[in-house]
1. Can you pull out the residues in segment A:118-132 that are open to solvent by 80 Å² or more (accessible area, probe 1.4 Å) and touching a Phe, Trp or Tyr at 6+ places or on another chain (Cβ under 8 Å)?
2. Here is a check on your reading of the model: is B:VAL36 open to solvent by 50 Å² or more (accessible area, probe 1.4 Å), closer than 17 Å to A:TYR40 by Cβ, within 14 Å of another protein chain (Cβ to nearest Cβ) and touching a residue at least 40 places away in the same chain (Cβ under 8 Å)?
3. Can you tell me which residue among B:GLY42, B:GLY15 is within 10 Å of another protein chain (Cβ to nearest Cβ), closer than 17 Å to A:ARG131 by Cβ and surrounded by fewer than 18 Cβ atoms within 10 Å (Cβ to Cβ)?
4. On the given criteria, is A:ALA30 farther than 24 Å from B:SER17 by Cα, modelled with pLDDT of 95 or more and open to solvent by 60 Å² or more (accessible area, probe 1.4 Å)?
5. B:LEU22 - would you say it is more than 9 Å from every other protein chain (Cβ to nearest Cβ), under 16 Å from B:SER76 (Cβ atoms) and not in a helix (DSSP H, G or I)?
6. Give just the number: which of (1) under 11 Å from the mean Cα position of the chain (by Cα); (2) β-branched (Val, Ile, Thr); (3) farther than 20 Å from B:VAL115 by Cβ does A:VAL87 not satisfy?
7. Does A:LYS98 fit the bill of being surrounded by fewer than 22 Cβ atoms within 10 Å (Cβ to Cβ), over 14 Å from the mean Cα position of the chain (by Cα) and more than 16 Å from A:ARG25 (Cβ to Cβ)?
8. Kindly list the number of the only condition in (1) within 26 Å of B:VAL116 (Cβ to Cβ); (2) touching an Asp or Glu at 6+ places or on another chain (Cβ under 9 Å); (3) away from chain B (no Cβ under 14 Å); (4) open to solvent by less than 60 Å² (accessible area, probe 1.4 Å) that fails for A:ARG36.
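The values are calculated or read from the model by the stated rules, or taken from the named source; none is laboratory data. Everything numeric here is computed off the predicted structure, so don't read it as measured data. FYI the Cβ positions are ideal-geometry reconstructions off the backbone, even for glycines, and counts take in every protein chain you see. Heads up: the accessible areas ignore ligands, DNA and RNA and are worked out on the full protein's heavy atoms, side chains in. Shrake-Rupley method; radii C 1.70, N 1.55, O 1.52, S 1.80 Å.
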Amino acid sequence: MIFTLVVHASPVQHQAPETALRFARAVLEAGHTLHRVFFYRDGVLNGNTLVSSPADESNIPEDWQALAKEYPLDLVVCIAAAIRRGVLDANEARRYDKNQHNLAPGFELSGLGQLVEAAMLSDRVITFGGRG
Amino acid sequence: MNKRFLLICSRPPYGSSAARDLLDIALTCSVFEQSVSLLLMGDAILQLLPEQNPTAIRQKNLNAIQSSLALYDIESIYVDAEALRFHGLSAETLLLKPQALEPDALQQLIREQDVVLPL
């Protein structure tokens, strides 16, 4: 079965991204296809490489990257939501005249069309951290 | 490929970006020529009140985006009948001519969809 996950919540304030991570791993370990993980709203903060956790706590952006090393993952961060929240890649940093960029490796910025396209091609679309 | 998308919101028009973020998904679904319906539950029915004026709180008026929905062929708008009663509103006084659904009909609507996106 083909799955797409949508993550709406920030990695520190909400449990939802952690739940999404474990769900993603379960999907992949069961032999299903994970077409895409789409990060929207405060979920874009999952792609912030500057997230720095105490040594005895999980670091969700790093956990997504680790999963993407084990399996081919398409981690797409909504570009409009990300720019508003200060999650930029090198291109957007240039475009908005910022001298820093912080999109974590393994993630890419793209539009909401990537969410709709993924939903069209997937058998199941599961939202984590909705109703916020 | 055409799928039936249902976008469900339960948040009021202002106080968070939920209403705008939901409409952005709706417009994108339409660009991809998907069938899209909106279901407004709870305080989200207040998004359809006419004559909103959020300039004092430095927000854009939702009514402007809502008025463009018909241009994108998004005309299936549903509201939770219990929320209407709670807020003392009737569907006829709301923008976009929503259809009020009782709980049984709400369940039926959700069952009929291919993709349900809550926000």
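1. Across segment A:118-132, the qualifying residue is only A:ARG124.
2. On the way: open to solvent by 50 Å² or more (accessible area, probe 1.4 Å): no; closer than 17 Å to A:TYR40 by Cβ: yes; within 14 Å of another protein chain (Cβ to nearest Cβ): yes; touching a residue at least 40 places away in the same chain (Cβ under 8 Å): yes.
Taking the combined requirement at face value, the residue does not satisfy it.
3. Answer to the check: B:GLY42.
4. Answer is yes for this residue.
5. When the stated conditions are applied, B:LEU22 does not pass them.
6. All conditions are met except number (1).
7. yes
8. (3)
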